[in-house]
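Visitor: Before anything else, here's the structure in question.
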Amino acid sequence: MQTVLITGANRGIGLELARLYAARGDRVIACCRDPECAAALHELDGIEIHRLDVTSVDDIADLKAALGTRPIDILINNAGIIGPERQSALNMDFDGWLKTFEVNTLGPLRLAAALLDNLRRAEAPKLVTLSSRMGSLTGGGGSDRIAYRSSKAAINRAMQGLAEDLRGERITVVVVHPGWVSTDMGGPAAPLAPRESATRLAAIIAALDHGDSGRFIDIDGKDADW
Ligand SMILES: NC(=O)c1ccc[n+]([C@@H]2O[C@H](COP(=O)([O-])OP(=O)(O)OC[C@H]3O[C@@H](n4cnc5c(N)ncnc54)[C@H](OP(=O)(O)O)[C@@H]3O)[C@@H](O)[C@H]2O)c1
């Protein structure tokens, strides 16, 4: 039985990951911005729900205080936003860009830093951040969604750095692309159902060992383009 902490667990891929790990009998620490409105999470057996806006330093401190010294085997930074309406380089909503960075880039690293001690207390801890191929700098163009793309490129680089910093420890740090998934973010045309994405992600996570630390992994398990 593992302890799995998931951010943005109230809908989309995060909810399916919570469902999947709970069904396996793992201890799921499901985090979401508004626990009172997370009806689907409350239906799951044996999970604990914590309030967490990943941009809130206070929420992160409260979560850390609630967890104390409990070991965390798997921390999944799933919460994310697509960003503002206007986000091309020629037509940028700068406040929205900043907000996108706060959620998609600063949030995951801030949480990882706060819970590092809990990860260190697990036997073979894994820190997994949901990124996107849209953040790739080498894998082809696209001038749309620049706020989102740049926030994912930046978290990729930050997690690559963290993996390097933690090389001498047992913590495996990776970023993963979950596929194009039919969630609120991915839209109805996306080919992959959230459950299928979560199932594949869980398989990738289960197979990780420390040698994988620092990788950007695609949903097929192969290396994604940085
Ligand atoms: N769907 C895709 O095709 C796709 C492709 C590549 C990467 N991804 C990545 O996969 C992850 C999950 O995406 P998804 O498709 O499941 O998205 P989604 O359906 O839009 O769900 C996003 C989740 O993030 C939460 N969230 C947003 N802002 C937050 C904040 N400040 N603090 C805490 N939680 C916050 C949302 O909570 P609320 O309900 O409170 O808003 C929701 O639970 C994201 O990181 C996304 O970038 C998705």
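Visitor: May I ask you to say which residue of ASP45, ASP53 is more than 17 Å from the chain's Cα centre (by Cα) and not hydroxyl-bearing (Ser, Thr, Tyr)?
Guide: Checking each option against the conditions leaves just ASP45.
Visitor: Return yes or no: is GLU123 acidic (Asp, Glu) and under 23 Å from LEU17 (Cα atoms)?
Guide: Against the criterion (acidic (Asp, Glu) and under 23 Å from LEU17 (Cα atoms)), GLU123 qualifies.
Visitor: Of the numbered conditions (1) in contact with a Cys (Cβ under 9 Å, 6 or more places away or on another chain); (2) surrounded by fewer than 18 Cβ atoms within 10 Å (Cβ to Cβ), LEU63 fails exactly one; give the number of that condition.
Guide: Checking LEU63 against (1) in contact with a Cys (Cβ under 9 Å, 6 or more places away or on another chain); (2) surrounded by fewer than 18 Cβ atoms within 10 Å (Cβ to Cβ), the one that fails is (2).
Visitor: Would you please name the residue that is farthest from ARG19 (Cα to Cα), looking only at residues in the range 206-221 that are free of Cβ contacts under 8 Å to residues at least 40 places away in the same chain and part of a helix (DSSP H, G or I)?
Guide: The residue in question is GLY211.
Visitor: How many of the residues in the range 164-205 are near the ligand (Cβ under 8 Å from one of its atoms), under 15 Å from the mean Cα position of the chain (by Cα) and outside any loop (DSSP other than H, G, I, E, B)?
Guide: Summing the residues that are near the ligand (Cβ under 8 Å from one of its atoms), under 15 Å from the mean Cα position of the chain (by Cα) and outside any loop (DSSP other than H, G, I, E, B) in the range 164-205 gives 3.
Visitor: Does ALA189 satisfy being surrounded by fewer than 20 Cβ atoms within 10 Å (Cβ to Cβ) and aliphatic (A, V, I, L, M)?
Guide: Yes, satisfied.
Visitor: Taking interchain pairs and intrachain pairs at least six residues apart, which have beta carbon atoms under 7 angstrom, with the first residue in the range 1-14 and closer than 19 Å to PRO188 by Cα and the second assigned to a strand (DSSP E or B)?
Guide: Within 7 Å, the pairs are ASN10/CYS32; ILE13/LEU130; ILE13/VAL181; GLY14/ILE6.
Visitor: Away from the ligand (no atom under 15 Å from the Cβ), among the charged types (D, E, K, R) and over 21 Å from GLU123 (Cα atoms), is that true of GLU48?
Guide: Yes.
Visitor: Now a separate question. Taking the range 25-36, which residues are away from the ligand (no atom under 14 Å from the Cβ) and of a type in the set (Lys, Arg)?
Guide: Of everything in the range 25-36, just one residue is away from the ligand (no atom under 14 Å from the Cβ) and of a type in the set (Lys, Arg), namely ARG27.
Visitor: Quick one: which residue in ALA22, ALA39 is small (Gly, Ala, Ser) and either within 14 Å of the ligand (Cβ to nearest atom) or within 20 Å of MET185 (Cα to Cα) (or both)?
Guide: Sole residue among the options that is small (Gly, Ala, Ser) and either within 14 Å of the ligand (Cβ to nearest atom) or within 20 Å of MET185 (Cα to Cα) (or both): ALA39.
Visitor: While we're on this one: Please enumerate the residues belonging to the range 130-156 that are of a type in the set (Lys, Arg) and over 22 Å from LEU5 (Cα atoms).
Guide: Of everything in the range 130-156, those that are of a type in the set (Lys, Arg) and over 22 Å from LEU5 (Cα atoms) turn out to be ARG133, ARG145, ARG149.
Visitor: Applying the selection to the range 106-136, what residues are more than 10 Å from the ligand (Cβ to nearest atom) and crowded, with 23+ Cβ neighbours inside 10 Å?
Guide: LEU119, PRO125, LYS126, LEU127, VAL128
Visitor: Taking into account only those residues within the range 137-169 that are touching a strand residue (DSSP E or B) at 6+ places or on another chain (Cβ under 8 Å) and loosely packed, with under 13 Cβ neighbours inside 10 Å, which is modelled with the highest pLDDT?
Guide: The qualifying residue modelled with the highest pLDDT is ASP144.
Visitor: Would you please list the contacts, defined by Cβ atoms under 7 Å and residues six or more apart or on different chains, that run from a residue in the range 110-128 that is on the phi > 0 side of the Ramachandran plot and assigned to a helix (DSSP H, G or I) to a residue that is surrounded by fewer than 23 Cβ atoms within 10 Å (Cβ to Cβ) and of a type in the set (D, E, K, R)?
Guide: Between residues of the range 110-128 that are on the phi > 0 side of the Ramachandran plot and assigned to a helix (DSSP H, G or I) and residues that are surrounded by fewer than 23 Cβ atoms within 10 Å (Cβ to Cβ) and of a type in the set (D, E, K, R), there is no close pair.
The values are calculated or read from the model by the stated rules, or taken from the named source; none is laboratory data. The structure displayed is predicted, hence computed values, not measured ones. Every residue, glycine as well, gets a Cβ built from its backbone with ideal geometry; the counts of neighbours run over all protein chains shown.
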